[in-house]
Amino acid sequence: EETVAAIVEAMLESDVFHATVLERLKSQRKMIERLLKGGRRPKQPGEADTRTLPANTIYTKVFEPIPGCGPLIAARFIAAIGDIRRFPDRPALTAYAGYHHFADGSRARRVAGKVSNWHQELTQAVYLLCQQTLKLPSSPWRTRLDQRRALELYKILKDRQRQANEQQLGIMILPESFASRAIGSVNDLTVADLAVLAAQVDELRARAGVKSSASSEEGEEAVEPVAVKDPQLAKLVRGGKQQALNRALRWLGQQFLKHIFQEWRKAVGLYAAPEKPAKKAAAA
């Protein structure tokens with residue numbers, strides 16, 4: 001509780017030169033690191049000596065083992081969550097972060113004029129951790145992200161193949177090698193599959209005469225027409241890679257929240273709350 005209070009105080013400290021919470025956190029980097037990683041607190045006026053701060057157990061057991069999750073990102077999680085026992089189950093934490101879905105399958109979105117019931121700082125913490133993961137090719141979380149990107153891109157190309165067939169265009173949108181494969185989950189695809197699917201999209205774009213305004217290993221910007229050769233094909237290949245990345249990042253955020261919920265409960269001597277059992281199909 002003392003650590004959370006100190007972190008919140010640092011995050012909310014008034015400073016006209018640091019307008020955002022992240023900038024205030026950066027300005028208090030050394031103090032945040034001492035609070036979480038341990039170290040000697042700076043001597044205060046009138047004190048005889050400095051006080052050694054122990055490492056924060058939640059940070060060392062839950063957040064420090066996650067590649068890319070340094071003290072500043074961890075501080076946002078800890079300050080927003082406070083005590084994991086506030087949440088009866090993982091879906092409650094996911095909803096608090098705004099990474100939940102509604103009954104119709106649509107994801108939570110902010111609507112102008114309506115108050116959102118999730119914690120903006122926790123949402124930002126999840127977003128930052130996902131963005132850090134994009135920069136770490138060797139992270140096991142990055143591998144999982146790329147597998148999910150492959151699955152999302154596969155589903156998009158499969159749907160656009162259906163559209164091409166309905167229009168009788170005679171175009172192979174989905175690589176032929178994937179047509180006969182039984183793909184139902186992220187475990188059915190590999191990072192190598194992502195490269196094959198992405199290469200297929202790039203080849204189709206070249207044929208259609210469209211290209212990205214900018215691209216990188218992590219993703220791509222909006223696709224802009226250059227000299228469209230095939231308008232129908234161009235329509236089918238636009239935006240697929242970015243859409244797949246966005247979906248995969250949201251999935252990764254949910255996976256991080258699941259991991260944090262489980263590990264934090266273990267750190268305070270609790271087992272993770274059991275998942276709700278799936279409803280059994282009615283007997284015929």
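A few points about this structure:
- Solvent accessible area, Å² - ASP89, 1.4 Å probe, full protein context: 40
- Karplus (6.51, -1.76, 1.60) ³J(HN,Hα), θ = phi - 60°, over region 59-64, in Hz, Gly and Pro reported as x: 5, 5, 8, 9, 9, 4
- 3J(HN,Hα) from dihedral phi, region 146-154, Karplus parametrisation 6.51/-1.76/1.60, rounded to Hz, x for glycine, proline: 5, 5, 5, 4, 4, 5, 5, 5, 4
- Heavy-atom SASA rank of ARG34, ARG86, ARG247 (probe 1.4 Å, accessible area, largest first): ARG86, ARG247, ARG34
- Rounded to the nearest whole Hz, the Karplus-based 3J(HN,Hα) values (6.51 cos²θ - 1.76 cosθ + 1.60, θ = phi - 60°) of region 184-189 follow the sequence x, 8, 5, 6, 8, 10, with x at glycine and proline.
- Highest average packing first - 121-128, 74-81, 132-139, Cβ atoms within 10 Å: 74-81, 121-128, 132-139
- Cα-based shape type of region 152-206, given that a ≥ b ≥ c are square roots of the gyration tensor eigenvalues and the cut on a/c is 1.5: oblate
The values are calculated or read from the model by the stated rules, or taken from the named source; none is laboratory data. These numbers come from a predicted model, not from an experiment. Heads up, the Cβs are rebuilt from the backbone with ideal geometry, glycines too, and the neighbour counts pull from every protein chain shown. With ligands, DNA and RNA removed, areas are computed over all heavy atoms of the protein, side chains included. Shrake-Rupley method; radii C 1.70, N 1.55, O 1.52, S 1.80 Å.
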